Structure formats: structure tokens, C-alpha cells
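Q: Here it is, the structure in full.
The values are calculated or read from the model by the stated rules, or taken from the named source; none is laboratory data. Worth saying up front: this structure is predicted, and the values here are computed from it rather than measured. Here Cβ is always computed from backbone atoms with ideal geometry, including for glycine, and neighbour counts include all displayed protein chains. Note: accessible area is taken over every heavy atom of the protein model, side chains too, but ligands, DNA and RNA are not part of it. Shrake-Rupley method; radii C 1.70, N 1.55, O 1.52, S 1.80 Å.
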Amino acid sequence: MTAMPATPVFTIGELSRRTGLPVKTIRFYSDEGLLPPTRRSGAGYRLYDVHALARLELVRTLRELGVGLPDVARALARETTVRDLAVHHVEALDEQIRRLRLRRAVLRAVVKRDSELEEVKLMNRLAQMSDEQRHRLVEEFWTEMEAGLDVDPEFYARMRAARPALPDDPSPQQLEAWIEFAELVQDPDFRALIRHLSERQAAARAAGEYEQPGQAQREHWFTWMTEARAALDAGDTPDSAVGRALATKVAADSARPDQNPQDPGFRHALAATFADGGDPRAERYWQLLAIINGWPAIPSSQEELRFLLAALRA
């Protein structure tokens, strides 16, 4: 009768040579119960068979994927499946990636601004905000802007409705835009500017001079900016014939029946109103919201606005 060949066994040193794992690591796995020896030699050395070798390869694979030792032990004991482990680990990795992206956004902002320690702490806190906290920040901002004033409720409802909504997997640009946006709405000078605009609207309503912004007004503004851009591209100056014609058009489009569009005083007052509403910080507010929310980019119209204001004042 032919004898069955003996099952090969390996020492820890041989396992190390076959797998490339350090002897210290294999001994640690064995001590933790992840790799129990198949048997011991007469001298008491641990020996492992091919099944143990396969088990060691599985342990190494799970560890390289970042699975913790307790979860590796549960998988080996058939207390959980590799699939369930993978699902759980993917979720953990997603959260880790999200946090790393937040940190990267903060560090990029620090480099860009050459920030001091207190500003770094503030930016990190802003980056960690939840959706609810972000929405509350905007809600509190607009509540303060209209507090105690008789303003247009529909207009301010639209302002409130445009909230920052970071996606689950935001880009670095979106995170950086959110940090800048949060700083902007907490900036005292910006808050004073928007509060001033609210007070001006309330005063206009009280005087019966307020007109709710509508499609016609937006179309006028688009036309004015387009013509100002064309004048700039053509090399025209605000006090040129083209600039004067644009000022006349803007004044005529904006004047109420009781106002004289040719009056220099009216034109200067109109320029002051446009200057407040077209403040670069107010424009930046909407540009940042567009980046955060993935809307189409909002180009700057500051150069066109400056041309228009100079033409009205010429």
C-alpha cells in the first residue's frame, strides 16, 4: 500500500519568505489568534500548513485594505462576510476622504491668504459645518438684514431661498467657496452694506417709490451691461458720444413719470443707487453661491458698471 504524502508545514521564517511579511508581523498575528499554528515541532516551534498560509494571505489582503484587526478576526470566524466588511469599510473611507478634502480646502485657503492662527481655526470650523448649520447661518443673516424694517417680503423670501448646498462629494473649489462665503456673511462691513440696502428699500416703500424687481428691470440691466461692454471693447470713454447716449438711455429707462431723466441731480442719485447695489461684495455673494451650488458661473460686471456710473456722472 502506497503511503500518502505528508502535508507540508512551514515555520514562521518560511512563511515570511513566501509572503514577504516580516517575522515579527506574522508572530503578532499568531499571538492575536488570527493565525493559530497547525501544530508545534518537538522543540516547541510553531508550524503552519498550506491552509494557514492561505489564511495569512487573506489577513494581509484585508489589512492592506485598511480593515481593523477586530473586523479581520470576525471575518475569519465567519461572524461577518467579506462583502459586509467591504460595505462598512467603503463608508468609513468615504467619510475619511470627505474629511481629508475639508482639510485640504482649509490648508489651500491658508496658503492663499497667508493666514494667522486664529483665522486658520475659524476656517477649519466653517469647513466642518453641517448642511443645517450652513442654512441657519444664511437664515440668521437675512433675518438681521430686515429686522424691524418694512421691506418687500417676496424679495427677501427669494434671498433666503438661495442657500449654499454643498454636494456630498464637493470639489476643492466648492469647499473654498463655502469658506469664503461664510466669512463674507459674517463680515461686519458686508452686513452693514446689505443692511443699508434694506433700509433704503424700506424708505422707498414708505415713500411709495418702491418697485419690485421684475423681468423688465433685469432685461434693462442686461442691455445696459451689454452696451457698456461693447463701448469698452471699442475704446470709448464714459464722456464720449457713446457713453452719453448710454447714460441717456439708462436715465430714461429708470425715471418715474415725476422724474426728469435729463436732470444731473437725478442721474447722480441714480449712479449712487447703482453703486450701492453693484458693490463688488454683493456680486461676490452670488458668484460664491454659484460655485457652491454648481450653478452656471456668474461673470463679473464691475468694469461695465464703472463705465456706466462714470457716464451717468459725466
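Q: Would you confirm, using the coordinates I've provided, whether ASP239 is of a type in the set (Asp, Glu) and under 19 Å from SER301 (Cβ atoms)?
A: Spelling it out, it is not the case that ASP239 is of a type in the set (Asp, Glu) and under 19 Å from SER301 (Cβ atoms).
Q: Do we find that LEU47 is buried (at least 17 other Cβ atoms within 10 Å of the Cβ) and in a strand (DSSP E or B) in this structure?
A: yes
Q: Collect the residues in the range 61-107 that are without any contact (Cβ under 8 Å) to a residue 24 or more places away in the chain, open to solvent by 50 Å² or more (accessible area, probe 1.4 Å) and assigned to a loop (DSSP other than H, G, I, E, B), keeping them in residue-number order.
A: ALA77, ARG78, GLU79, THR81
Q: What is the one condition in (1) out of contact with any Ser or Thr (no Cβ under 9 Å at 6 or more places or on another chain); (2) more than 27 Å from ARG83 (Cβ to Cβ); (3) not charged (D, E, K, R) that ALA54 does not satisfy?
A: If we test ALA54 against (1) out of contact with any Ser or Thr (no Cβ under 9 Å at 6 or more places or on another chain); (2) more than 27 Å from ARG83 (Cβ to Cβ); (3) not charged (D, E, K, R), just (2) comes out false.
Q: Which members of the range 13-28 meet the condition of being open to solvent by 20 Å² or more (accessible area, probe 1.4 Å) and in contact with a helix residue (DSSP H, G or I) (Cβ under 8 Å, 6 or more places away or on another chain)?
A: Once the filter is applied, which keeps residues that are open to solvent by 20 Å² or more (accessible area, probe 1.4 Å) and in contact with a helix residue (DSSP H, G or I) (Cβ under 8 Å, 6 or more places away or on another chain), the range 13-28 yields GLY13, SER16, ARG18, LEU21, PRO22, VAL23, ARG27.
Q: Any idea which residue in the range 126-144 is nearest to the chain's Cα centre (by Cα), counting only those that are among the aliphatic types (A, V, I, L, M) and surrounded by fewer than 19 Cβ atoms within 10 Å (Cβ to Cβ)? Give the steps one after another, and end with the answer.
A: At the first step, the residues of the range 126-144 found to be among the aliphatic types (A, V, I, L, M) are 126-127, 129, 137-138.
Filter again for surrounded by fewer than 19 Cβ atoms within 10 Å (Cβ to Cβ), leaving 129, 137.
On the way: MET129: 11, LEU137: 15 Å.
The residue in question is MET129.
Q: Only residues that are in a loop (DSSP other than H, G, I, E, B), touching a residue at least 24 places away in the same chain (Cβ under 8 Å) and under 20 Å from GLY278 (Cα atoms): list them for the range 238-267, please.
A: Once the filter is applied, which keeps residues that are in a loop (DSSP other than H, G, I, E, B), touching a residue at least 24 places away in the same chain (Cβ under 8 Å) and under 20 Å from GLY278 (Cα atoms), the range 238-267 yields only PRO238.
Q: Restricting the range 29-40 to residues that are hydroxyl-bearing (Ser, Thr, Tyr) and touching a residue at least 24 places away in the same chain (Cβ under 8 Å), which is surrounded by the fewest Cβ atoms within 10 Å (Cβ to Cβ)?
A: Among those residues, the one meeting the criterion is THR38.
Q: Show the residue pairs meeting these rules: Cβ distance below 6 Å; 6+ apart or different chains; first residue within the range 117-138 and farther than 19 Å from PRO170 by Cβ; second residue at pLDDT 70 or above and surrounded by fewer than 17 Cβ atoms within 10 Å (Cβ to Cβ).
A: Short answer, once both residue conditions are applied: VAL120/VAL110.
Q: Do you know which residues across the range 205-233 are more than 36 Å from the chain's Cα centre (by Cα) and open to solvent by 70 Å² or more (accessible area, probe 1.4 Å)?
A: Residues satisfying the conditions are ARG205, ALA206, GLU209.
Q: Of everything in the range 265-314, what is under 17 Å from ALA192 (Cα atoms) and open to solvent by 60 Å² or more (accessible area, probe 1.4 Å)? Give them in sequence order.
A: PRO280, ARG281, ARG284, listed by residue number.
Results for (1) at pLDDT 85 or above; (2) over 21 Å from THR11 (Cα atoms), shown as yes or no for each residue.
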residue: PRO37; (1), (2): yes, no
residue: SER41; (1), (2): yes, no
residue: LEU53; (1), (2): yes, no
residue: LEU58; (1), (2): yes, no
residue: LEU62; (1), (2): yes, yes
residue: VAL72; (1), (2): yes, yes
residue: GLU79; (1), (2): no, yes
residue: ARG83; (1), (2): no, yes
residue: VAL87; (1), (2): no, yes
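Q: Which residues, taken from the range 145-200, are surrounded by fewer than 16 Cβ atoms within 10 Å (Cβ to Cβ) and under 20 Å from ILE97 (Cβ atoms)?
A: ALA165, PRO167, ASP168, ASP169, SER171, PRO172, GLN173
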